[in-house]
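As structure tokens, the structure follows; a few thoughts come after it.
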Amino acid sequence: MARLPVRLRGLATIAVAGLVLACSSIPGAVAQPSAFDAWLEGVKRDAAAAGISETTIETALAGLAPIERVLELDRKQPEFTRTFWAYLDRAVSARRIERGRRMLAKHRALLERVRGKYNVQPRYLVAFWGLESDFGRYTGGYSVIGALATLAYDERRGAFFRAQLIDALRILDQGHIALANMQGSWAGAMGQLQFMPSTFTSYAVDFDGDGRRDIWTDLPDVFASAAHYLSSIGWRGDEIWGREVRLPAGFDWELARLKMRKPIMEWRRLGVRRADGSELPRADISGAIVLPAGHKGPAFLIYGNFDKIMNWNRSLLYAIAIGHLSDRIAGRSPLLAARPAQEKPLSRAQVEEMQSLLVDLGFDPGAPDGVVGSKTRDALRAFQRQAKMAPDGYPTPELLAGLRQVATARSKTN
Ligand code: CA
């Protein structure tokens, strides 16, 4: 939940020069009410109208100024796309698996009580905990109010963060956490499971009954809040997230799509097996095949709970990491797919070139922005079909080379 919706992140390049001017102060000069202060007065009026006490508003917003570092982080764009194995190795490291197993054993009784109420299996709660804050060790050192005010004042996603700021003030007003302890990520995600304030408002739970919903330090509240969120969006306590599978020779890559749901019996009929080669279970559920590293990488059959993980964080790699970490914490085996000798990540510039070439060749990958989204994947599939390549929609340096070749040949004949 820490991460912002992917699409919002893509907008992070527009400069807001006005903000720098607004918060720079000249030593010795007579203090002028800045544009930020004027804006903050509006926030105060909104907060009061939302029923938040004047004491909370004045205390929490006193002396506030935009945090430069938050804006820097918000504008930062990764130079390279993340490859599957690089992501997985980091997210599901041996150290994290080991720690997760110890945490599962240590907090077993509490986690079972939480399962009793919300029907979410303990190993998933521990996996979310591990990925979000490394089991509570890194919850972010930013003032949540300061970070949210900075992003709310920034015009690009002002409305979203302004609403989060009001919710954060409400949380303070209700006494769940003291102002000084209300810390979080640069984007305002709070506590050991990195809830945004609006998620807190809707789903945080006082499971230990001390009168405060404390997702920073009360582990019962941390686990129960996550479980409450998951169960509210439809998590199934009697189903797994998915599993690694083996696809038959001649598998139709067009079927490997997140939205292509089929009953498990249909996948069996198509020759899909468990990764170890044994039959898929005879279960009455539907799933989709996903190929996070393209057709040469591992294949997964994912079920309904996978969508719930993606509700938490809209990243396919994150969702697979949660599922796999939960498996490893529960003692299941590593992935069986062969690892490539080396994975070559694509740079943003290369992705952008790929998108421009697709446009030149008459495909529609969306506006070239260096980010691989579903439109780019669909356009890549269309190109691969035309070029008689395996249509997996997965961008690689080889595919970029293929695109360049076709584009060059095309320009020579025209
Ligand atoms: Ca509590």
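The values are calculated or read from the model by the stated rules, or taken from the named source; none is laboratory data. Small disclaimer: the values here were computed from a predicted structure and weren't measured. Cβ: placed from backbone, ideal geometry, glycine included. Neighbour counts: every protein chain shown. Just the protein is used for accessible areas: all its heavy atoms, side chains included, with ligands, DNA and RNA removed. Shrake-Rupley method; radii C 1.70, N 1.55, O 1.52, S 1.80 Å.
Has region 239-261 got any residue that is within 16 Å of the ligand (Cβ to nearest atom), out of contact with any strand residue (DSSP E or B) (no Cβ under 8 Å at 6 or more places or on another chain), touching a residue at least 40 places away in the same chain (Cβ under 8 Å) and aromatic (Phe, Trp, Tyr)? Before the answer, list the steps.
From region 239-261, those within 16 Å of the ligand (Cβ to nearest atom) are none; that's our starting set.
Taking every residue of region 239-261 in turn, none turns out to be within 16 Å of the ligand (Cβ to nearest atom), out of contact with any strand residue (DSSP E or B) (no Cβ under 8 Å at 6 or more places or on another chain), touching a residue at least 40 places away in the same chain (Cβ under 8 Å) and aromatic (Phe, Trp, Tyr).
Mind checking which residues of region 274-283 are free of Cβ contacts under 8 Å to residues at least 40 places away in the same chain, open to solvent by 60 Å² or more (accessible area, probe 1.4 Å) and over 29 Å from the mean Cα position of the chain (by Cα)?
We begin by selecting, within region 274-283, every residue free of Cβ contacts under 8 Å to residues at least 40 places away in the same chain; these are 274, 277-283.
With the extra rule that they be open to solvent by 60 Å² or more (accessible area, probe 1.4 Å), the set shrinks to 274, 279, 282.
Glu279, Arg282 - these are the residues of region 274-283 that are free of Cβ contacts under 8 Å to residues at least 40 places away in the same chain, open to solvent by 60 Å² or more (accessible area, probe 1.4 Å) and over 29 Å from the mean Cα position of the chain (by Cα).
Could you list, in sequence order, the residues of region 118-170 that are surrounded by fewer than 19 Cβ atoms within 10 Å (Cβ to Cβ), of a type in the set (Lys, Arg) and not assigned by TED's automatic domain parsing to the domain that holds Asp74?
Within region 118-170, just Arg137 meets the criteria.
Collect the residues in region 388-414 that are aliphatic (A, V, I, L, M) and open to solvent by 40 Å² or more (accessible area, probe 1.4 Å), keeping them in residue-number order.
Taking region 388-414 and keeping what is aliphatic (A, V, I, L, M), we get 389-390, 399-401, 403, 406-407, 409.
Those that are aliphatic (A, V, I, L, M) and open to solvent by 40 Å² or more (accessible area, probe 1.4 Å): Met389, Ala401, Val406, Ala409.
Which one is farthest from the chain's Cα centre (by Cα), of the residues in region 72-101 that are among the hydrophobic types (A, V, I, L, M, F, W, C) and open to solvent by 40 Å² or more (accessible area, probe 1.4 Å)?
So the first thing to find is which residues in region 72-101 are among the hydrophobic types (A, V, I, L, M, F, W, C), and the list is 73, 80, 84-86, 88, 91-92, 94, 97.
Next, only the ones that are open to solvent by 40 Å² or more (accessible area, probe 1.4 Å) stay: 80, 86, 94.
Values: Phe80: 17, Ala86: 16, Ala94: 22 Å.
Only one residue tops the list, namely Ala94.
When you go through (1) in contact (Cβ under 8 Å) with a residue 12 or more places away in the chain; (2) out of contact with any Lys or Arg (no Cβ under 9 Å at 6 or more places or on another chain); (3) away from the ligand (no atom under 16 Å from the Cβ) one by one for Glu266, which number turns out not to apply?
If we test Glu266 against (1) in contact (Cβ under 8 Å) with a residue 12 or more places away in the chain; (2) out of contact with any Lys or Arg (no Cβ under 9 Å at 6 or more places or on another chain); (3) away from the ligand (no atom under 16 Å from the Cβ), just (1) comes out false.
Which residue out of Ala321, Ala341, Ala349 is of a type in the set (A, V, I, L, M) and surrounded by 14 or more Cβ atoms within 10 Å (Cβ to Cβ)? Lay out the reasoning, then the answer.
On the way: Ala341 fails: surrounded by 14 or more Cβ atoms within 10 Å (Cβ to Cβ); Ala349 fails: surrounded by 14 or more Cβ atoms within 10 Å (Cβ to Cβ).
Only one candidate passes the filter, namely Ala321.
Could you list, ordered by first residue, the pairs with Cβ atoms under 6 Å in which the first is in region 356-383 and free of Cβ contacts under 8 Å to residues at least 24 places away in the same chain and the second is hydroxyl-bearing (Ser, Thr, Tyr) and open to solvent by 20 Å² or more (accessible area, probe 1.4 Å), at least 6 apart or interchain?
Sorted first by the residue in region 356-383, then by its partner, the pairs are Pro368/Ser356.
Among the residues of region 171-192 satisfying the criterion of being away from the ligand (no atom under 14 Å from the Cβ) and touching a residue at least 60 places away in the same chain (Cβ under 8 Å), which is surrounded by the fewest Cβ atoms within 10 Å (Cβ to Cβ)?
This residue is Leu179.
Restricting to region 362-387, name every residue that is modelled with pLDDT of 95 or more, buried (at least 17 other Cβ atoms within 10 Å of the Cβ) and assigned to a loop (DSSP other than H, G, I, E, B).
Matches in region 362-387: Phe363, Pro365.
Among (1) assigned to a helix (DSSP H, G or I); (2) within 16 Å of the ligand (Cβ to nearest atom), which single condition is Gly209 missing?
(1)
Just wondering, is there one or more residues in region 213-235 that are within 16 Å of the ligand (Cβ to nearest atom), farther than 22 Å from Ile329 by Cα, in a loop (DSSP other than H, G, I, E, B) and among the aromatic types (Phe, Trp, Tyr)?
Looking for residues that are within 16 Å of the ligand (Cβ to nearest atom), farther than 22 Å from Ile329 by Cα, in a loop (DSSP other than H, G, I, E, B) and among the aromatic types (Phe, Trp, Tyr), one finds at least one in region 213-235, hence yes.
Return only the number of the condition from (1) of a type outside the set (Phe, Trp, Tyr); (2) surrounded by fewer than 14 Cβ atoms within 10 Å (Cβ to Cβ); (3) touching a residue at least 24 places away in the same chain (Cβ under 8 Å); (4) not in a helix (DSSP H, G or I) that Arg69 does not satisfy.
Unmet condition: (4).
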